[in-house]
1. Write out, first by first residue and then by second, each pair whose Cβ atoms fall under 7 Å of each other, whose residues are 6+ apart or on separate chains, and whose first residue, in the stretch 42-61, is without any contact (Cβ under 8 Å) to a residue 40 or more places away in the chain while the second is surrounded by 15 or more Cβ atoms within 10 Å (Cβ to Cβ) and outside any helix (DSSP H, G or I).
2. Let me spell it out: the conditions are (1) without any contact (Cβ under 8 Å) to a residue 40 or more places away in the chain; (2) assigned by TED's automatic domain parsing to the domain that holds Asp25, and Glu111 meets all of them except one. Which number is the exception?
3. Which of (1) in the same structural domain as Ile28 (by TED's automatic domain parsing); (2) of a type in the set (D, E, K, R); (3) farther than 21 Å from Arg166 by Cβ; (4) assigned to a loop (DSSP other than H, G, I, E, B) is the odd one out, the single condition Glu68 does not satisfy?
4. (1) free of Cβ contacts under 8 Å to residues at least 40 places away in the same chain; (2) more than 19 Å from the chain's Cα centre (by Cα); (3) within 27 Å of Gly36 (Cβ to Cβ): which one isn't true of Gly80, the others all being true?
5. Please specify each residue of the stretch 36-65 satisfying the condition of being within 23 Å of Arg166 (Cα to Cα) and in contact with a Lys or Arg (Cβ under 9 Å, 6 or more places away or on another chain).
6. Residues of the stretch 94-108 being more than 20 Å from the chain's Cα centre (by Cα) and free of Cβ contacts under 8 Å to residues at least 40 places away in the same chain, which ones?
Amino acid sequence: MRKDAHIKQETATFARGHMKLDRYDRAIVRALQLDGRITNSQLAESVNLSESASLRRVRALEESGFIEGYTALINQQKAGCPVNVFVNITLERQEQAHLHAFEEAARKVPEVMECYLMSGEYDYLLRVVLADTADFERLHSQHLTRLPNVARVHSSFALRTVQKSRELPVR
């Protein structure tokens, strides 16, 4: 008898804008977040499913868009960009055209790792990665202040990273 023969096949369902996962899907997602290169055989064993059931579930998670892809994690120090700077941007106006123009331009700046539209005092929060303060000065003068509709730029340098998780809590 297969390990998972007694398991009622449940498909991931959407509830309130997010997917509802059963315990096997959650276990698969947790394992893949820890090691995206795990073999299907190892994955199946770790979540107590047959290889075919494990593969079916992984494919379903991929096809649904829950798993967006797989990537290599690069060491920021060794890549030559050890400095994290958090940049608050205030736009001249919050009109849709201004927001759109800023977002399109910000996507083209390679040092911008993350860009968030914010509530509160500033319009956007960016995380940029750089080699050093001279590199930030270059980025500030050649890119950040030239982004469309920017009225004000306020920057804070991270002194060190205390917590950086790449694993989302899976519920």
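The values are calculated or read from the model by the stated rules, or taken from the named source; none is laboratory data. Please read these numbers as outputs of a predicted model, since none were measured by experiment. We place every Cβ from the backbone using ideal geometry, glycine too, and count neighbours over all the protein chains shown.
1. Matching pairs, first to second residue: Ala44/Ser50.
2. For Glu111, the exception is condition (2).
3. (3)
4. Of everything listed in (1) free of Cβ contacts under 8 Å to residues at least 40 places away in the same chain; (2) more than 19 Å from the chain's Cα centre (by Cα); (3) within 27 Å of Gly36 (Cβ to Cβ), Gly80 misses just condition (1).
5. Ala44, Val47, listed by residue number.
6. Hits for the stretch 94-108 are Gln94, Glu95, Gln96, Ala97, Leu99, His100.
One line per residue, one yes/no per condition, for (1) among the aliphatic types (A, V, I, L, M); (2) surrounded by 15 or more Cβ atoms within 10 Å (Cβ to Cβ); (3) touching a helix residue (DSSP H, G or I) at 6+ places or on another chain (Cβ under 6 Å):
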position	(1), (2), (3)
Leu34	yes, no, no
Thr39	no, no, no
Phe86	no, no, no
Asp132	no, no, no
Phe136	no, yes, no
Leu139	yes, yes, no
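Quick grid of which residues meet (1) of a type in the set (A, V, I, L, M, F, W, C); (2) at pLDDT 95 or above; (3) touching a strand residue (DSSP E or B) at 6+ places or on another chain (Cβ under 7 Å):
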{"site": "Ala5", "(1), (2), (3)": "yes, no, no"}
{"site": "Lys8", "(1), (2), (3)": "no, no, no"}
{"site": "Thr13", "(1), (2), (3)": "no, no, yes"}
{"site": "Gly17", "(1), (2), (3)": "no, no, no"}
{"site": "Arg37", "(1), (2), (3)": "no, yes, no"}
{"site": "Ser41", "(1), (2), (3)": "no, yes, no"}
{"site": "Arg57", "(1), (2), (3)": "no, yes, no"}
{"site": "Glu62", "(1), (2), (3)": "no, yes, no"}
